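The values are calculated or read from the model by the stated rules, or taken from the named source; none is laboratory data. Nothing here was measured: the structure is a model prediction, and the numbers come from that model. Here the Cβ is made from the backbone with ideal geometry for all residues, glycine too, and neighbour counts use every protein chain on show.
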Amino acid sequence: MHRVVALVRPVQSTFELGIAAEVFGTPRAEVPQHYEFEVCTETPGPVATSAGYAMSVTRGLSALASADTVLIPGWAPVEAPLSARVRRALLKAHARGTRLVTICSGVFALARTGLLDGRSATTHWARAEQLRQEFPQVRVEPDVLYVDHGDVATSAGAGAGVDLCLHLVRQDHGAAYAALLARHMVMPPHREGGQAQYAPPAPDTDELDGLLEWAGARLGTPLSVDDLAAHLNVSPRTLARRFADRLGTSPGAWLLARRVAEARTLLERTDLPVEAVATRVGLTSAVNLRRRFRARVGTTPGAYRRAFRS
């Protein structure tokens, strides 16, 4: 039985701790129980939570000595120092071969052990710059759901913690067991770690005198930046300046982003082959769609569709 121990501290996020408990600590009919789950804290007793109540935690740091996985479900406030006792306990656990895992802001605690120096890690996109500035030795990847090095793993914002935990289940006990657990949780069975944390919202179609709506209706045609400029009867240079001023991007980048966004919708809602999706959004071929899609979304069209259609 694989033993997972969550290390909590005040003020503890109930949602992030709940993710760990749901994946590793909740018995379910028809789902074999492969994990034991426990919670510990540096000073046993009441631990304040983000929900306004205190929870009673009876186990101290000695619980980490027999853990196969130590999970830090958030660290609030992120500026809170790591005590010498906790740092020693985490380093000893890691030296014994224990896997150290963080959800969202928990990466700040793990980074203070030095175990992430020279390695990639992630956190919520809104905290990525703070993590980078405080720990310049860590290679921060703000645009992924999770990063798994085997001995240490980090996730993005709280919801991505579910993806990381299911990924770890998949690594521990195989895809079939992870899919069974995900189905009982009513979750996609697998989202690849390289997938982007979020898709930026589409800009207001009134920003450029109806141009964006006009172009969006013609994505399946060989539309170019020159075509966009001609529609507004301006030069490509003037069009580029308007895009930069009003949307903070270039016409070409906007057009590509719009095509990829439309491809995501078609992959989610239709059974069209990838080649047909590429044609529908103006990316001409499945090869081109795969290349553009992976660059912007962080995964392939096929893997993206499977995550939504499973």
Criterion (touching a residue at least 60 places away in the same chain (Cβ under 8 Å), assigned by TED's automatic domain parsing to the domain that holds Leu164, within 23 Å of Arg127 (Cβ to Cβ) and not small (Gly, Ala, Ser)) met by exactly one of Glu42, Glu16:
Glu16
What are the residue pairs meeting all of these: first residue in region 255-284, first residue closer than 14 Å to Pro222 by Cα, second residue assigned to a loop (DSSP other than H, G, I, E, B) and of a type in the set (Gly, Ala, Ser), Cβ atoms under 7 Å, and 6 or more apart or on different chains?
Arg259/Gly282; Ala278/Ser285; Thr279/Gly220; Arg280/Gly220; Val281/Gly220; Gly282/Gly220
Would you confirm whether any residue within region 268-277 is surrounded by fewer than 17 Cβ atoms within 10 Å (Cβ to Cβ), touching a Ser or Thr at 6+ places or on another chain (Cβ under 8 Å), closer than 28 Å to Gly302 by Cα and in the same structural domain as Thr299 (by TED's automatic domain parsing)?
yes
Of the conditions (1) among the polar types (S, T, N, Q); (2) without any contact (Cβ under 8 Å) to a residue 24 or more places away in the chain; (3) on the phi < 0 side of the Ramachandran plot, Asn233 satisfies every one except a single condition; which number is it?
(3)
Residue in region 7-60 that is surrounded by the fewest Cβ atoms within 10 Å (Cβ to Cβ), counting only those that are polar (S, T, N, Q) and within 27 Å of the chain's Cα centre (by Cα):
Gln33
For region 117-139, check the following and say yes or no: at least one residue is closer than 23 Å to Arg296 by Cβ, in the same structural domain as Val11 (by TED's automatic domain parsing), buried (at least 17 other Cβ atoms within 10 Å of the Cβ) and of a type in the set (S, T, N, Q).
yes
Looking for something within 25 Å of Trp214 (Cα to Cα), touching a residue at least 12 places away in the same chain (Cβ under 8 Å), surrounded by 12 or more Cβ atoms within 10 Å (Cβ to Cβ) and touching a Gly at 6+ places or on another chain (Cβ under 8 Å) - is there at least one such residue anywhere in region 285-303?
no
Breaking point among (1) outside any strand (DSSP E or B); (2) in contact with a Phe, Trp or Tyr (Cβ under 9 Å, 6 or more places away or on another chain); (3) modelled with pLDDT of 95 or more, for Leu17:
(2)
Taking the options Arg112, Arg170, Arg87, name whichever one is within 21 Å of the chain's Cα centre (by Cα), among the charged types (D, E, K, R) and assigned by TED's automatic domain parsing to the domain that holds Thr49.
Arg170
